[in-house]
Amino acid sequence: GNSVTQMEGPVTLSEEAFLTINCTYTATGYPSLFWYVQYPGEGLQLLLKATKADDKGSNKGFEATYRKETTSFHLEKGSVQVSDSAVYFCALRDNNNDMRFGAGTRLTVKP
Amino acid sequence: NAGVTQTPKFQVLKTGQSMTLQCAQDMNHEYMSWYRQDPGMGLRLIHYSVGAGITDQGEVPNGYNVSRSTTEDFPLRLLSAAPSQTSVYFCASSPSGGNNQPQHFGDGTRLSIL
């Protein structure tokens, strides 16, 4: 079956540091890939998405590239801010509406 | 612009009690789903619906029922609450028509079973 594996946290960085959160997936066919962000007490919000191989999703300085050869969708940001502190979820959705989430990675950015 | 609305936000139940978690969306989305979020496990799909009158089981359906009588509403019923159902529950919706549609999430219902 489909599955998503993302790096375990928590991740603690200083402001302006470079961020990478690794995500790999297992799926049949050609799923779409997503990164969601969850702030305390809130639901998940879409951060970015990519729908086919080699697509790059980007939003608010975050980027992730759909790599079919390595079945990966790593999230990166060049310079994190305190306001980026949140939990980040990698997810996939296949053509059968099967949506799977990774376990989430908690990011804390210190001033 | 309400989006996906879940009620209640918090609930405490005793083992064996029943209750219904409400979910409503005003975006005319065909697809709706319920997830539970537990520490270290991400979100797991409980039930989903691709349109009014159609529901199906997800990854962890046991102990939960759903119905979809209208496009807007997708309530989740706990028939006889158990401590293992203590969790945060999220409802989500999206347009149908392909796997590239992201889901829109409600703010969640935090449920504790004593």
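Round to the nearest 0.05 the FRET efficiency obtained for A:R106 and B:E59 when R0 = 22 Å and r is the Cβ-Cβ distance.
Taking R0 as 22 Å, the efficiency between A:R106 and B:E59 is 0.45.
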Next item on the list: Measure off, as a whole percent, the carbon and sulfur share of the 1.4 Å-probe accessible area of chain B, all protein chains present.
Entry: 49 percent
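Any idea of the accessible area per residue across the protein assembly as shown, 1.4 Å probe, to the nearest Å²?
Computed with neighbouring chains in place, this is 46 Å² per residue.
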Notebook entry, point to check: What is the Cα convex hull volume of chain B when expressed per residue in Å³?
Noted result: 96 Å³
Next item on the list: Jot down the per residue volume, in cubic angstrom and as a whole number, of the convex hull over the alpha-carbon atoms of region A:20-66.
Entry: 94 Å³
Notebook entry, point to check: Using modelled backbone amide H atoms (1.01 Å from N, in-plane), which distant-in-sequence or interchain residues come within less than 5 Å of B:E59's amide H?
Noted result: B:L45, B:I46
Notebook entry, point to check: Which value, in Å to one decimal place, does the Kirkwood hydrodynamic radius take for chain A when every pair of different Cα atoms is included?
Noted result: 13.9 Å
Notebook entry, point to check: Looking at the protein assembly as shown from every direction and averaging, what is the projected area of its Cα convex hull in nm²?
Noted result: 12.1 nm²
Check: Which ³J(HN,Hα) values in Hz, rounded to whole numbers, follow from the phi angles of region B:78-90 under the Karplus curve 6.51 cos²θ - 1.76 cosθ + 1.60, where θ = phi - 60° and Gly and Pro get x?
Finding: 9, 7, 8, 4, 10, x, 5, 8, 4, 5, 9, 10, 10
Next item on the list: Grab the other residues whose beta carbon is less than 11 angstrom from that of B:Q37, score K and R as +1, D and E as -1, and report the net.
Entry: +2
Margin query: Taking 4 °C and 1.567 mPa s as the conditions, I'd like the Stokes-Einstein D for region A:51-111 in µm²/s, using the Kirkwood hydrodynamic radius from alpha carbon pairs.
Written below: 99 µm²/s
Notebook entry, point to check: Can you work out the FRET efficiency for the pair A:A17 and B:K14, with r the C-beta to C-beta distance and R0 = 35 Å, to the nearest 0.05?
Noted result: 0.15
Next item on the list: Show me B:8-15, B:51-58, A:92-99 ranked by packing, highest mean number of other Cβ atoms within 10 Å first.
Entry: A:92-99, B:51-58, B:8-15
Next item on the list: Rounded to whole Hz and in sequence order, give me ³J(HN,Hα) for region A:3-12 from the Karplus expression 6.51 cos²θ - 1.76 cosθ + 1.60, θ = phi - 60°, writing x for Gly and Pro.
Entry: 7, 10, 10, 10, 4, 6, x, x, 10, 10
Check: Once Lys and Arg get +1 and Asp and Glu get -1 on their Cβ, which of A:M7, A:G41, A:A53 lies farthest toward the positive end of the dipole of chain A?
Finding: A:A53
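The values are calculated or read from the model by the stated rules, or taken from the named source; none is laboratory data. Because the structure is a prediction, the values reported are computed rather than measured. Reconstructed Cβ throughout: ideal geometry from the backbone, glycine too, with neighbour counts over all protein chains shown. The protein model used for the area step is the full one, side chains on, heavy atoms only, and it has no ligands, DNA or RNA in it. Shrake-Rupley method; radii C 1.70, N 1.55, O 1.52, S 1.80 Å.
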